[in-house]
Amino acid sequence: MIYQPPTALPSNLLTVVEMRSALEQHDFGTVFRLARSQAGISYSKIAAECDIKPERVGALARGRGKVTTFEKIVHIADALRIPGHLIGLAPRPWEREETSAHLSSTQNGTNVRRRTVLQAATSTGLAAALPTLHRAPTPRRVTADYVSALRERTARLRRLDDLLGGGDTYRVYLGEYQSTKALLREATYAETTERLLLSLLAEQAQQAGWAAFDGGRETDAVALYKESHAAAREADDSDLLGNSLAFLAYQAIADDQRGAVEIAGRACATITPGTPTGVRALLHERMAWACAVAGQPTEAERALEAARTALDKREATERQPDWAAWGDRTELDIMTGRCWTELRRPLRAVPVLEDALARYADTHARDKALYLSWLADAYLTAGEVEQAAHVTNRALGLATGVASVRPRRRLASVLHQLKRHKGLDAVDDALARAVA
């Protein structure tokens with residue numbers, strides 16, 4: 001039997017309009033109030049299961065305060081058995097367990113297996129439905145050529161991230177990382193090959209960490225970024241060392257903006273005369289973003305200019321690591337627009353975002369939906385409500401079916417602002433699409 005916490009919300013309560021609206025807005029005070037009034041779940045039980053002080057649960061239910069940290073939102077979702085899609089998360093592990101148990105109890109044989117695989121493909125991501133990816137047999141002694149082949153495999157698998165969200169790719173990337181870690185532990189190799197393996201491990205840990213972050217597994221992401229940092233340092237790979245710090249800075253922004261700027265500065269400090277221009281641009285971009293979120297316009301603009309200078313110096317014959325290949329002028333323009341949006345400079349943000357996103361293919365649905373959220377935000381800051389609604393509507397369409405928590409999470413704040421303008425056709429259309 002699958003464990004059900006005493007605070008699990010009844011399924012019929014999850015269909016109540018007020019509850020659905022509260023979940024969409026992450027208004028957990030209303031969620032707690034409805035849980036008590038409609039389902040008889042006491043605040044003391046909620047406090048115990050959610051690891052929140054009882055007085056704070058009561059205060060939230062009275063409309064005082066908000067729950068904002070990702071970790072606490074996940075904790076509440078699991079304690080109250082709130083399906084992930086209702087609050088912008090990937091499906092929670094217990095959802096898969098419940099679905100599997102239900103299928104097992106209702107049908108048998110081949111049909112059950114077929115439906116289970118289909119359920120895995122739609123609710124837990126591509127990797128959960130796939131068998132283990134084929135891998136060539138490991139030689140007795142690992143050579144530099146073998147590591148090179150593994151790096152090429154990692155580059156091919158990275159292309160999945162162009163089309164799929166972290167909810168689909170996390171297990172694939174984590175499996176590659178764990179396989180390389182096993183090689184380091186069990187295989188034999190020369191000292192020079194060991195450094196190559198450690199460098200590969202750092203690269204794979206970053207890719208798995210990124211997928212974890214994108215799929216809503218932020219604790220896993222931080223752990224993987226730290227593993228990457230340690231492996232890159234041991235391999236004496238300054239490029240991957242800097243990128244691991246850039247990832248950690250990006251992750252830290254939500255909770256510690258000043259700390260994120262400091263970590264991003266350490267990432268840029270790893271740049272040497274031999275650092276590839278693409279890596280330089282990438283590290284400076286992340287520095288710009290940290291500064292923008294921290295409200296430092298001068299520093300953000302300086303970092304953006306450094307990134308632009310790096311790309312201007314790129315030569316066609318210069319070799320770039322595959323993990324930095326996505327950083328081009330279009331991405332830099334988008335980051336520029338994002339920074340000016342965060343700094344509340346819509347007149348600078350809108351033109352550059354409009355131009356860059358016109359060059360950005362819809363096939364990159366997750367990223368384009370995410371970037372459109374900043375364009376919508378910039379339009380709202382400029383007072384262009386209807387245009388913001390049109391952009392939001394388009395972003396919602398692209399985000400549908402993508403296994404990533406980030407677009408919906410970003411769009412939630414935009415939708416919250418749009419609700420103040422109900423009655424405008426464009427706004428009502430966007431809000432209706434969000435509910436659907």
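Each residue, Glu234 and Leu347, gets one label point 7 Å from its Cα in the Cβ direction; the gap between the two is 5.4 nm. Compute the FRET efficiency between Glu354 and Lys181 as 1/(1 + (r/R0)^6), taking r as their Cβ-Cβ distance and R0 = 35 Å, and round to the nearest 0.05. Taking R0 as 35 Å, the efficiency between Glu354 and Lys181 is 0.20.
Scanning the chain for helices, which whole DSSP H stretches are 27 Å or more long along the axis (Cα) and average -1.0 or more by Kyte-Doolittle? Qualifying helices, which must be both long enough and hydrophobic enough, are 166-186, 191-214.
Taking label points 7 Å from Cα along the Cα-to-Cβ direction, His416 and Lys226 give a separation of 2.9 nm. Here the range 13-95 is treated as a Stokes sphere of Kirkwood radius computed over C-alpha pairs; at 4 °C and 1.567 mPa s its diffusion coefficient rounds to 103 µm²/s. Taking the helices alone, the chain has a mean residue ellipticity at 222 nm of -22000 deg cm²/dmol, built from -39,500 (n - 2.57) per DSSP H run of at least 4 residues and averaged over all its residues. Lys-Lys pairs in the chain that are eight or more residues apart or on separate chains and whose Cα atoms lie under 15 Å of each other come to 4. What is the calculated FRET efficiency for Gln38 to Ala59, with r their C-beta to C-beta distance and R₀ = 22 Å, to the nearest 0.05? Approximately 0.65, to the nearest 0.05. When Glu186, Glu386, Glu218 are sorted by how many other C-beta atoms sit within 10 angstrom of their C-beta, beginning with the fewest, the order is Glu186, Glu386, Glu218. Would the range 134-228 count as rounded, prolate or oblate if I go by the C-alpha gyration tensor, calling it rounded below 1.5 in a/c and otherwise prolate when a/b exceeds b/c, oblate otherwise? Here the range 134-228 falls in the prolate category.
Modelled spin-label separation between Val16 and Thr298, with each label point placed 7 Å from Cα along the Cα-to-Cβ direction: 5.3 nm. Ordering Trp94, Trp340, Trp326 from the fewest to the most neighbouring beta carbons within 10 Å gives Trp326, Trp94, Trp340.
The packing ranking of peptides 371-379, 66-74, highest mean first, is 371-379, 66-74, where packing means the average number of other beta carbon atoms within 10 angstrom of each residue. Counted by neighbouring Cβ atoms within 10 Å, the residues Cys268, Cys50 run from fewest to most as Cys268, Cys50.
If R0 is taken as 60 Å, the Cβ-Cβ distance between Arg258 and Thr143 corresponds to a FRET efficiency of 0.85. If you average 1/r over all unlike Cα pairs in the chain and invert the result, what Kirkwood radius do you get in angstrom? Its Kirkwood hydrodynamic radius stands at 23.5 Å.
No value in this document is a laboratory result; all are computed from the given coordinates. It should be emphasised that the depicted structure is a prediction, and the values quoted were computed from it without experimental measurement. Quick reminder, even Gly has a Cβ in these numbers, built from the backbone with ideal geometry, and neighbours come from all protein chains shown.
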